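Just so it is clear, none of the values below were taken in a lab; they were calculated from the coordinates. This one's a predicted model, so the numbers in the text were calculated from it and none came from an experiment. Note that we place each Cβ from the backbone using ideal geometry, even for glycine, and neighbour counts take in every protein chain shown.
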């Protein structure tokens, strides 16, 4: 036997005898019979190949080698206890870190409230939120910086485990005085003479729109922007209208604007949960995902409060 074969139980027994300096009292502290405890101490000494205690009829004392081992054994036991306590805290969702990568529409819309709920339940967990476009969301999961991503479906996800979170229907955002503002729903054909303010081609919104608009007469405003607040400001200024998913409508909360559902079966954005393939989430990350799954679906169905 070598020291590497010793258990923390063996080291705890050694430390108990070093402190009690009495076999019976140390055995009682370890809840062992005196014979079993004596065997434990012999096992420790055999593993190190040296005597660690001086024994007399009245007391037990450490040898010089035993004195050296006390500090090391105490450190090992303390480190083990700390690691186990930390693991238990993680399992109980009291400690840890959770990183979530999400499309900006989710990061600014539904997730702040969800993060607030999570923080109230698990105040010891460190939270990190990455608001990014689809490709960056996926990269953050790949790099291990995000435990999971909430992003739009796309062709670059085959290396990951994915599952559906919600379906994000599209809306026409226009000024209140626009001819379509009073409609309950609009069809894409109704937009033939409306200048459309597009989002950048790198966005999942644009990538979902382009195939559907390809066969529908429509007019571009000539304006293409990356940020949703910019699109909102351009619409307010009367420069056009925009087609956006429901999850982005938080960016268009303006008394001069309204949102009208688009009646087009092929126009919807699927939002997925993306994780590294074959990897289980930590207990804190799993708790976050459960909270997201309970809340995002409801948040994705906006009411037409701006009407």
Length-normalised contact order of the range 3-91, Cα under 8 Å, at least 6 apart, in percent, tallies to 30 percent
Segment residue 202-residue 75, length gained on full extension (0.36 nm per residue, minus Cα span): 40.3 nm
Relative to the longest principal axis of the chain, what angle (0 to 90°, nearest 10) does the C-alpha long axis of helix 204-213 take? 30 degrees
Got a sec? How would 288, 50 order by Cβ neighbour count within 10 Å, fewest to most? 50, 288
Calculated [θ] (222 nm, deg cm²/dmol) that DSSP helices of n ≥ 4 give over the chain, each run adding -39,500 (n - 2.57): -12500 deg cm²/dmol
Using alpha carbons only, how many angstrom separate the centre of the range 205-243 from the centre of the range 152-179? 15 Å
In the range 168-268, if every C-alpha pair distance is counted and binned at 10 Å from zero, what percent goes to each bin? 16, 57, 26, 0
If you stretched the chain out fully between residue 286 and residue 119, how much longer would it get, using 0.36 nm times the residue separation minus the C-alpha to C-alpha distance? 58.7 nm
Can you work out the FRET efficiency for the pair residue 39 and residue 67, with r the C-beta to C-beta distance and R0 = 22 Å, to the nearest 0.05? 0.45
For the range 85-201, what's the relative contact order in percent, using C-alpha pairs closer than 8 Å and at least 6 residues apart? 24 percent
Please arrange 172, 188 by how many other C-beta atoms lie within 10 Å of their C-beta, fewest to most. 188, 172
Using 7 Å Cα-to-Cβ label points, what is the residue 97/residue 279 separation (nm, one decimal)? 1.3 nm
Where in the range 247-281 is the amide nitrogen less than 12 Å from a point lying 7 Å along the Cα-to-Cβ axis of residue 161? 274-281
Cα pair distances in the range 1-72, grouped into 5 Å bins until the bin that holds the longest one, percent each: 3, 18, 31, 29, 15, 3, 0
Ranked list, fewest to most other Cβ atoms within 10 Å of each Cβ, for 258, 248: 258, 248
Between helix 34-48 and the chain, what is the angle of the helix's C-alpha long axis to the longest principal axis, kept within 0 to 90° and rounded to the nearest 10? 80 degrees
Give, in nm to one decimal, the length gained when the segment between residue 256 and residue 227 is fully stretched (0.36 nm per residue of separation minus the Cα-Cα distance). 8.6 nm
With a cut-off of 8 Å between alpha carbons and a minimum separation of six or more residues, what is the relative contact order of the chain in percent? 20 percent
Peptides 31-39, 141-149 ordered by average Cβ neighbours within 10 Å, highest first: 141-149, 31-39
List, largest first, the extents of the alpha carbons of the chain along their principal axes, each in whole Å. 104, 34, 27
Between the range 250-294 and the range 92-150, what's the alpha-carbon centroid distance in Å? 12 Å
